[in-house]
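S.K.: Can you read through this structure? Questions will come right after.
The values are calculated or read from the model by the stated rules, or taken from the named source; none is laboratory data. As the structure is a prediction and not an experimental result, all values here were calculated from the model. Here Cβ is always computed from backbone atoms with ideal geometry, including for glycine, and neighbour counts include all displayed protein chains. Surface areas here come from the heavy atoms of the whole protein model, side chains and all, with no ligands, DNA or RNA. Shrake-Rupley method; radii C 1.70, N 1.55, O 1.52, S 1.80 Å.
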Amino acid sequence: MEHELVIVLDFGGQYNQLIARRVRECNVYCEIMSYRVGMEAVLAKHPKGIIFTGGPNSAYVDGAPSIDPAIFSSGIPILGICYGSQLMMHLLGGKVCHAPEREYGKTQVHVDTQTAMFREVHPSTVCWMSHNDYIAQAAPGFTITAHTDNCPVAAVENVEKSLYAVQFHPEVLHTAEGTQMLHNFVYGVCRCAGDWKMDSFVDTTIAALRTQIGDGKVLCALSGGVDSSVLAALLAKAVGKQLTCVFVDHGLLRKNEMEEVCGVFGPENGSFDINFICVNARQRYYDKLAGVSEPERKRKIIGEEFIRVFEEEAKKIGKVDFLAQGTIYPDVVESGLGGESTVIKSHHNVGGLPDYVDFKEIVEPLRNLFKDEVRQVGRELGLPEYIVSRQPFPGPGLAIRIIGDVTEEKVKIVQDADAIWREEIARAGLAPSQYYAALTNLRSVGVMGDERTYDYAIALRAVTTIDFMTAEATQIPWEVLGNATSRIVNEVKHVNRVLYDCTGKPPATIEFE
Ligand code: XMP
């Protein structure tokens with residue numbers, strides 16, 4: 001299915017995925033490409049518009065990331081952001097140099113509201129600035145459309161050539177009217193119609209999957225997380241009984257998670273007519289993990305055991321034609337296959353394919369979607385909200401939320417405490433980015449009735465974050481902490497203390513392992 005396309009041309013900025021997400025929120029499909037692919041490759045995609053991103057370099061330095069200036073005569077609207085704006089000015093004869101005063105943070109920007117870029121934007125508006133260089137002089141043919149107290153050229157344009165540039169970052173939420181500005185660019189300048197919608201994505205993807213798969217057999221590992229659940233639902237709608245989903249209960253899932261996943265995808269439910277295999281592998285995992293307390297070792301054991309179990313199930317099914325994978329767009333970009341960003345992590349869904357399953361081809365229907373879009377597809381497919389809005393949960397499960405060795409009894413304790421914590425957070429109407437209970441291996445003296453106890457301490461964690469690379473401990477009202485604490489010590493056996501983890505990341509991590 002052909003969509004209108006806007007290309008985010010990546011010059012190494014940190015917000016590039018955010019730009020693409022914001023454009024997609026305007027219902028316009030957007031892809032990230034590295035500037036290294038060159039002008040021809042960009043133009044060959046016939047984009048309706050191009051956005052040059054920020055980046056850490058100085059445009060006037062030899063060897064700085066650049067592009068053939070002929071791109072500016074292509075007639076395709078271009079918006080330069082931060083480094084992208086400086087590069088545009090530099091290449092077209094303006095003057096870019098080290099700014100006498102660095103601008104960083106929220107800055108009052110005075111804009112000319114007569115221009116298409118700033119339609120329906122206030123004449124004085126808060127924007128996010130982060131730059132050491134600045135445009136000292138606009139290129140010939142350009143009109144200055146915004147300035148700040150320190151920055152004579154905060155925005156410029158050449159309407160005739162459809163070239164626009166802003167020194168600030170419209171994509172970050174600190175820019176109060178940034179969404180409006182991006183909307184103005186894609187609709188007012190690029191003349192997009194807005195054909196990227198999740199309901200039509202579902203219809204066209206189901207049709208495409210049917211064509212690709214034909215009457216072939218598909219195998220899908222279902223973890224119960226958002227991506228694999230949406231993947232399974234999409235395939236179920238597309239090819240029904242040709243799909244087999246394997247769900248491995250490793251005994252390290254959250255409370256009721258197995259029942260929830262089976263409730264949605266299992267044979268009793270009826271909303272999906274697929275082959276569903278739920279493998280109870282709990283004891284196998286407990287046996288393998290017995291006495292192991294080192295977190296990396298636990299992760300390794302769990303990963304290897306998953307392969308063993310999946311392999312056994314795959315052998316029973318025999319040869320399949322397709323293996324389904326829940327790869328999503330950030331996985332693709334972060335693996336260095338999309339934009340310019342250095343390889344942050346080599347994601348298991350992108351790089352290595354499992355060689356223990358006999359399959360011909362791979363299907364990855366979520367490969368172009370951001371997480372918010374995956375959730376939206378899940379809703380369109382009728383998946384329940386408790387699956388669609390699930391918070392991140394590590395593959396190794398509760399094993400890495402139990403300090404020290406893992407036993408069935410400890411898993412039960414952490415499951416029950418975690419369920420209470422989640423209920424109390426929900427009841428208070430709070431929405432931290434991620435929150436859970438962990439079992440510290442600490443036992444201490446307490447008193448219950450007239451009796452002395454010697455029981456465990458539970459640690460509660462809640463963090464607020466955008467990118468999960470850094471995070472702050474969420475400020476939870478004392479009353480909510482109090483309610484959760486009294487319920488946990490009363491309702492969960494073998495717990496006599498509850499602690500709240502106030503540490504951010506860094507120096508801690510989000511998980512508590
Ligand atoms: P950390 O603890 O490194 O976690 O600050 C960052 C985010 O990644 C999640 N996480 C994982 N997700 N498999 C996953 O799919 C894993 O092994 C894993 N380990 C950590 C964590 O929950 C947090 O959201």
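S.K.: Can you tell which of G49, I206, G94 lies farthest toward the positive end of the dipole of the chain, using +1 and -1 charges on the Cβ of basic and acidic side chains (Lys, Arg; Asp, Glu)?
M.R.: Among G49, I206, G94, the one farthest towards the positive end of the dipole of the chain is I206.
S.K.: Roll a 1.4 angstrom probe over the protein heavy atoms and tell me the percent of accessible area of segment 5-189 that is carbon or sulfur.
M.R.: Roughly 49 percent, rounded to a whole number.
S.K.: Turning to a different aspect of this structure: Once neighbouring chains are kept in place and the probe is 1.4 Å, which whole percent of the accessible area of segment 198-388 is contributed by carbon and sulfur?
M.R.: Whole-percent figure for carbon plus sulfur exposure: 49.
S.K.: A further question follows. Please list, by residue number, every one of the GluC sites (Glu not before Pro) in segment 199-271 that is coil in DSSP and has at most 14 other beta-carbon atoms within 10 Å.
M.R.: E268
S.K.: For a quick size check, give me the Cα extents of segment 5-189 along its three principal axes, largest first, whole Å.
M.R.: Ordered largest first, segment 5-189 gives principal extents of 41, 38, 30 Å.
S.K.: Another one. Evaluate the relative contact order of segment 407-500 (contact order divided by residue number), counting alpha-carbon pairs under 8 angstrom at least 6 apart; express in whole percent.
M.R.: 31
S.K.: Using the structure shown, list the pairs from K237/K412; K288/K319; K45/K319; K48/K106; K288/K315; K95/K161 with a Cα-Cα distance above 26 Å, or answer none.
M.R.: Beyond 26 Å: K237/K412; K288/K319; K45/K319; K48/K106.
S.K.: Follow-up question, since we're still on this one. Using 10 Å bins from zero, what percent of all Cα-Cα pairs in segment 191-275 falls into each bin?
M.R.: 16, 44, 26, 11, 3, 0
S.K.: What percentage of all Cα-Cα pairs in segment 198-388 are separated by more than 25 Å?
M.R.: 37
S.K.: Would you please calculate the Kirkwood hydrodynamic radius of the chain over all C-alpha pairs and express it in Å, rounded to one decimal?
M.R.: Computed over the chain, the radius equals 25.5 Å.
S.K.: Report the label-to-label distance for V447 and R102 in nanometres (one decimal), using points 7 Å from each Cα along the Cα→Cβ vector.
M.R.: Using points 7 Å along Cα→Cβ, the separation is 5.7 nm.
S.K.: Among the aspartates and glutamates, which have Cα under 18 Å from the Cα of K410 when same-chain residues fewer than 8 positions away are ignored?
M.R.: Hits, sequence-local ones excluded: D249, E257, D287, E294, D418, D455, E491, E511, E513.
S.K.: Expressed as a rounded percentage, what relative contact order does the chain have, with Cα pairs under 8 Å and six or more residues apart?
M.R.: About 11 percent, as a whole number.
S.K.: Roughly how many nanometres apart are two label points built 7 Å out from the Cα toward the Cβ at R308 and S66?
M.R.: 5.8
S.K.: Please report, for the Cα atoms of segment 1-41, the Rg to one decimal and the Dmax as a whole number; what are they, in angstrom?
M.R.: Looking at segment 1-41, its Cα Rg and Dmax stand at 10.6, 30 Å.
S.K.: Pairs of Cα atoms under 8 Å, at least six residues apart: use those to get the relative contact order of segment 101-205, whole percent.
M.R.: Answer for segment 101-205 is 26 percent.
S.K.: Further, regarding this structure: Probe of 1.4 angstrom, ligands and nucleic acids ignored: what's the accessible area per residue over segment 5-189, in square angstrom?
M.R.: That works out to 39 Å² for each residue.
S.K.: Rg over Rh of segment 407-500, using C-alpha atoms and the Kirkwood radius, what does it come to?
M.R.: For segment 407-500, the value is 1.00.
S.K.: Another question, then. Apply the Karplus curve 6.51 cos²θ - 1.76 cosθ + 1.60, θ = phi - 60°, to the phi angles in segment 138-151 and return the couplings in whole Hz, x for Gly and Pro.
M.R.: 5, 5, x, x, 9, 10, 6, 10, 7, 8, 10, 4, 9, 10
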